[in-house]
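In what follows, a structure is listed as structure tokens, so that the remarks can point back to it.
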Amino acid sequence: MIFQIGNKDDMNAKSEDGLLAKRILTEYMDEFQDRNPNLYVFSAHLHMDEETPHLHIDFVPYITGSKRGLDTRVSLKSALAEEGFTGGTRGATELNQWIASEKQEFVTVMERYGVEWLQNTTGATERIAELMREAEQREQSRERTSLKERIEANKRIVAEREREKEKSRQHNRGISR
């Protein structure tokens, strides 16, 4: 995820306002992991070397106590559900609810510093949500492929054991005659 306040004209990294943006972004990040315990942040970088300060947050969504497969699994939908975001209509997915919640958290931090949020109307948020849904679908597809491979491997093991069992039966029949 990338968070940015303003643009090169109103929050330039080299200006006082840019330093204000840095404080806001830092405070937001400091609270991010506590708010999102099922999103393991493995990388967070505040960029002040470009025109506009911005924050990159990389995380892995996970759940524990899974009833299928491994105890701990990577799943954005399930991680967000554990944090209380339950899907509803097509537009009110767990992801969209979470994005709206995080935007509100970001706005709350901005307001503490007297910065007003002017909403972006370019559709960027919807595109980000779409990309995250696609990533979740790819992960689920990889998970299904992995399970199919494990099932096939187990079938081969069972078949080999059945052959060995049959050989043993034939051998025992030959001895008992």
Fill in: Set LYS67/LYS103; LYS14/LYS77; LYS77/LYS103; LYS67/LYS148; LYS67/LYS155; LYS8/LYS77 screened for pairs whose C-alpha atoms are more than 28 Å apart
LYS67/LYS103; LYS14/LYS77; LYS8/LYS77
Worksheet entry | Pairwise FRET efficiency - GLU130 versus GLU27, Cβ, R0 = 25 Å, nearest 0.05 | 0.30
Item to complete: Just name one of MET11, SER141, GLN33: the one whose Cα is farthest towards the positive end of the charge dipole of the chain (beta-carbon charges, Lys/Arg +1, Asp/Glu -1).
Response: SER141
Discussion item. Between TYR113 and THR145, what's the calculated FRET efficiency when r is the beta-carbon distance and R0 is 41 Å? Round to 0.05.
Written reply: 0.30
Worksheet item: Which of HIS54, HIS47 comes first, and how do the rest follow, when ranked by fewest Cβ neighbours within 10 Å?
Response: HIS47, HIS54
Worksheet item: If each residue's Cβ is checked for other Cβ atoms within 10 Å, how do THR108, THR52 rank with the fewest at the top?
Response: THR108, THR52
Discussion item. Can you tally the net charge around ASP30? Count Lys and Arg as +1, Asp and Glu as -1, for every other residue whose Cβ sits under 15 Å from the Cβ of ASP30.
Written reply: -1
Worksheet item: For GLU105, what charge total do you get from the other residues with a beta carbon under 12 Å from its beta carbon, if Lys and Arg give +1 and Asp and Glu give -1?
Response: -3
Fill in: Among (1) 1.26; (2) 0.99; (3) 1.62, the entry that matches Cα Rg over 2.2 N^0.38 Å as calculated here
(3)
Worksheet item: In deg cm²/dmol and to the nearest 500, what is the mean residue ellipticity at 222 nm of the chain if only DSSP H runs of at least 4 residues count, each as -39500 (n - 2.57), divided by the residue total?
Response: -20000 deg cm²/dmol
Fill in: Longest DSSP-loop-exposure-free segment, chymotrypsin sites (Phe, Trp or Tyr not before Pro), the chain, at most 16 other Cβ within 10 Å
1-112
Worksheet item: Looking at PRO53, ILE157, ALA100, which one has the Cα that reaches farthest to the positive end of the dipole of the chain (charges on Cβ: Lys, Arg +1; Asp, Glu -1)?
Response: ILE157
Item to complete: Can you tell me the dipole magnitude for the chain around its Cα centre, using point charges on the Cβ only (Lys, Arg +1; Asp, Glu -1), in Debye to the nearest 20?
Response: 2240 debye
Item to complete: Grab the beta carbon distance between GLU16 and ALA92, set R0 = 41 Å, and tell me the FRET efficiency rounded to 0.05.
Response: 0.55
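No value in this document is a laboratory result; all are computed from the given coordinates. Keep in mind it's a predicted model, so treat the numbers as computed, not measured. No Cβ is skipped: glycine too gets one built from the backbone with ideal geometry, and neighbour counts run over all protein chains shown.
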